[in-house]
Each structure stands twice: as C-alpha cells, then as structure tokens.
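The values are calculated or read from the model by the stated rules, or taken from the named source; none is laboratory data. Quick caveat: nothing in here was measured; it's all calculated off a predicted structure. Note that each Cβ is placed from the backbone with ideal geometry, even for glycine, and that neighbours are counted across all protein chains shown.
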Amino acid sequence: MYSAFAVQGLAHKKEGEFSRAELASLAEVNVTSLKEYGYFTRARLNGKNLPISDPVDYWLGYGDSVLTLHFTLPFKASAAAKHLSFEIYDPTWFVDFSFADTEPVALAGAPQGCRLDVQRPTGLTAAQGQQLSEAFFNSLAATSSFGAQFANKVLVQCP
C-alpha cells in the first residue's frame, strides 16, 4: 500500500515505470525518515554496540508495483573483529525487511579465514498469525522486542 501511495502523482516518463532519477527525492525522504529508527539496524562488535553511519549509495527501485529501498549502511569506523553481528528488523513488526536473494552481504577487505553466516527469519505460520489480534499490534511500541524474532541476522567470525 505504501508503494501505491508514495508514487501517486509522482512525475515519470513511462506509464507504470519509474527510473532511479525520478525516485531520487523519494529515496532521500525515506533514508532521512529512517534515521530516527537507527535504520532498524542493531550492530555489535566483540559484544559491544557498534555505531553506524548514515546510508550511502541509496536508491529506490520500482517493480511489480512495489518500491524497494536499497542502501549501504557503513560502520562509523573500521575495527578488527573476532565477532561481528548485526540484525535488521522493526521491533513493532510493522515494516518488513528482506535481504537480496543472491549475495545479500559481502565482506570487503576482511582477513583470510573470516566466515559469514546470513540467517533469514522463518516467519509465522498461518495459524500463529491468526491468533494475533489487532489489540496485540496496537500495544507494540518502538521499545517492543516482538519483531526481533523476525530479524535478518548476519554473523561474522574471524580468527
């Protein structure tokens, strides 16, 4: 629904299609709005919180009537790590996040022997989803942890 609303009235040259350039201002609004939520990303380096910088190389894509926000979220500083983990999720479970199907995460300049493990959420069964009421979702707040069980997780282990 957001995608249909967001592109309504947006100038574009070809019916039903939007270029990156045509979506650039909307991409800017999206990444700016996500800042207050920490881009829904929680990172830990050797057991301690790891600060992240603002997104770079961000852009919106449009396909099958759906907007997809792509961005790179760099860490504020590079550091030697034996254990790096980060999770991407909305604690209120309102926003759905997914990684690209192929090569969702890359190690750039990592020491030899580092291992990367991407864990995707399994989600709820239909029966479990039907048991959740509107009141339950209305009670969720940014400090809730319900959405953590649906987190996309990346674990990096280095020697």
- Message: Looking at Leu23, Leu34, can you tell me which residue is assigned to a helix (DSSP H, G or I), out of contact with any strand residue (DSSP E or B) (no Cβ under 6 Å at 6 or more places or on another chain), among the hydrophobic types (A, V, I, L, M, F, W, C) and surrounded by 15 or more Cβ atoms within 10 Å (Cβ to Cβ)?
- Response: Leu34
- Message: Among the numbered criteria (1) surrounded by 10 or more Cβ atoms within 10 Å (Cβ to Cβ); (2) under 21 Å from Ala148 (Cα atoms), which one does Ala81 miss?
- Response: (2)
- Out of the stretch 39-53, which residues are surrounded by 12 or more Cβ atoms within 10 Å (Cβ to Cβ) and more than 18 Å from Thr68 (Cα to Cα)? Arg42, Ala43, Arg44, Leu45, Asn46, Leu50, Ile52, Ser53
- Note on the structure: Over the stretch 5-20, the set of residues closer than 16 Å to His70 by Cα and either among the polar types (S, T, N, Q) or surrounded by fewer than 16 Cβ atoms within 10 Å (Cβ to Cβ) (or both) is Ser19, Arg20
- Item | Where a residue in the stretch 51-72 is over 19 Å from Glu87 (Cα atoms) and its partner, wherever it lies, is of a type in the set (Val, Ile, Thr) and surrounded by fewer than 14 Cβ atoms within 10 Å (Cβ to Cβ), with Cβ under 6 Å and at least six apart | Asp57/Thr72; Gly61/Thr68
- Any residue at all in the stretch 84-100 that is exposed (fewer than 15 other Cβ atoms within 10 Å of the Cβ), in a loop (DSSP other than H, G, I, E, B) and at pLDDT 85 or above? no
- Message: Looking at the stretch 45-61, can you tell me whether even one residue there is farther than 30 Å from Arg115 by Cα and charged (D, E, K, R)?
- Response: no
- Could you pull out the residue among Ala4, Ala21, Ala11 that is over 19 Å from the mean Cα position of the chain (by Cα), at pLDDT 90 or above and not assigned by TED's automatic domain parsing to the domain that holds Ser85? Ala21
